[in-house]
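First up is the structure itself, then whatever we jot down about it.
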Amino acid sequence: MAKKPSSVTTTSDGKTVREARAILRGKSKKGKFASLLPFLGPAFIASVAYIDPGNFATNIAGGAQFGYTLLWVIIASNLMAILIQSLSAKLGIASGKNLAEQCRAHFKPWFVKFLWVLMEFVAMATDLAEFLGAAIGFNLLLGIPLWLAGILTGITTFLILGFERKGFRPLEAVISALVGVVAISYVIETILDKPDWGNVLYHAAVPTFNGPQSVLLAAGILGATVMPHAIYLHSALMQGRVVTKKPKELRRLFRFEQVDILIAMGMASLINGAMLIMAASTFFVQGMTNVGTIEEAFKTLQPLLGSAAQYVFAISLLASGLSSASVGTMAGQIIMAGFLELEIPIWVRRLVTMIPSMLVIALGFDPSRTLVISQVVLSFGLPFAVIPLVLFTSNKKIMGVLVNRKFTTLLAGGVAGIILVLNVYLLYTTFFGG
């Protein structure tokens, strides 16, 4: 398995941990903002899963087909994500074990193996979306064949994952920088596409649908937003980063991580919203409701908004794909190690998980269609991450002073229920044409 971020000690990591411990103990003289800095980072790595190329595909399809109608789904999904990622981080902080390890410790062996197989399948679907997205980004930006773009994607993700050997801080910096590139790109896109802000605000706040297809797409947006592997990953990022057993320090540590989550997930929500807004304010208003693929969006942006928008879009897709493919590989390592106590070199996992993506490219499948299908697959894995998470974080023996309050458990249970209902609807619609 790849080393957990907390298990590698570098100069920057050691300094960060020392500063964090001093702040938790009340022995630091830093101001409020400076006191927050040592705790920022884990949520930004987890947030990458919420702005991966699968989001590009579903958000573009949603905006092109239904305008601003499904914007509220993105807001609601990200609110769910804030709650779920908070529980995941809290589990790692309080118990010192990640979600996969807790499953192995508390569930029967046959169910642990079932969960592992399911989560590996989910991880493959995730990696397929992320790897293909980065390859499409290279393809659009450099004009090279998709197979060559795939090889270039593999090489680049190897280089990014190499930063993990230097400790958690350098990797957090690289991933955060790539998230920043996506954010800046969509600030530029939003300025260029001049959206109808009245409609934006209305549909961000008022839940509406526009026929069965919009409900199906809403389920896809949820599947692309709340990601099973990010839930497993976040608990692992926190389980040994700053270790303390003192109740007061545990509470302070969790409060700092909540701020990290609010900032990172807030940014992810704005980026996702901007993707849909871009599609709604360019394609939908022009009657181009069939623009459902990333390639079509890239080609259509130039005549509508100019070549600058076209290439900013490609750069954002590339940054999203590279960062999420790297983080997805880390998550796969954590899932395997947690469920099976089995370690393999991270480069082996990266090579193996490249195979399905390269096959999709070699066989000539539609990459954007494959992205959307992968997000539907992900939505089926969500209950098997969310339900165990709620069970464990509600257990006083596991969580101690950070155990869920009853309201938190009810709220998280409601989120799990919504996910289950949407999945049942998605299954029925997919197989029975409801």
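None of the figures in this text is laboratory data; all of them are computed from the coordinates on show. Note that this is a predicted model, so its numbers are computed, not measured. Don't worry about glycine lacking a Cβ; one is built from the backbone with ideal geometry, like all the others, and counts go over all protein chains shown.
At-a-glance table
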{"quantity": "Segment MET288-ALA173, extension gain: residue separation times 0.36 nm, minus the distance between their alpha carbons", "calculated": "37.5 nm"}
{"quantity": "Within the stretch 232-339: Cβ-based charge dipole about Cα centre, in debye rounded to nearest 20 (Lys, Arg +1; Asp, Glu -1)", "calculated": "720 debye"}
{"quantity": "PHE365 versus LEU37: modelled label distance in nm, points set 7 Å from Cα along the beta carbon direction", "calculated": "4.6 nm"}
{"quantity": "Proximal aspartates and glutamates relative to LYS30, as straight alpha-carbon distance under 16 Å, when same-chain residues fewer than 8 apart are discounted", "calculated": "GLU19"}
{"quantity": "Förster radius 25 Å - calculated FRET efficiency between GLU343 and ARG18, Cβ distance, rounded to 0.05", "calculated": "0.30"}
{"quantity": "Selection from ALA412, TYR425, ILE93, by position along the positive dipole direction of the chain (Cβ)", "calculated": "ILE93"}
{"quantity": "Dipole in debye (nearest 20) - the chain, about Cα centre, beta carbon charges: Lys, Arg +1; Asp, Glu -1", "calculated": "2500 debye"}
{"quantity": "Set of lysines near LYS396 by C-alpha distance (under 24 Å), chain-local residues within fewer than 8 positions excluded", "calculated": "LYS90, LYS97, LYS108, LYS245, LYS246, LYS248, LYS406"}
{"quantity": "Charge dipole of the stretch 105-264 about the Cα centre (unit charges at C-beta), most positive-ward option of HIS203, TRP147, LEU161", "calculated": "LEU161"}
{"quantity": "Size of electric dipole in the stretch 225-279: Cβ of Lys, Arg +1 and of Asp, Glu -1, about Cα centre, debye, nearest 20", "calculated": "420 debye"}
{"quantity": "Positive-end extreme of charge dipole, the chain - chosen from GLY62, PRO212, TRP110 (charges on Cβ)", "calculated": "TRP110"}
{"quantity": "Residue range of the chain that is longest and free of trypsin sites (Lys or Arg not before Pro) which are both DSSP loop and sparsely packed (at most 12 other C-beta within 10 Å)", "calculated": "30-244"}
{"quantity": "Exposure proxy ranking, count of Cβ atoms within 10 Å, fewest first, for GLU120, GLU130", "calculated": "GLU120, GLU130"}
{"quantity": "Acute angle (nearest 10 degrees) that the helix 71-95 long axis makes with the longest principal axis of the chain, alpha-carbon atoms", "calculated": "20 degrees"}
{"quantity": "Among PRO383, PRO207, PRO42: highest mean-square fluctuation, GNM of the chain, C-alpha pairs under 10 Å", "calculated": "PRO207"}
{"quantity": "Cα-projected label distance for LYS248 with HIS106, points at 7 Å along beta-carbon direction, nm", "calculated": "2.9 nm"}
{"quantity": "Length gained when the stretch ASP196-VAL401 is fully extended (0.36 nm per residue, less Cα-Cα span)", "calculated": "69.1 nm"}
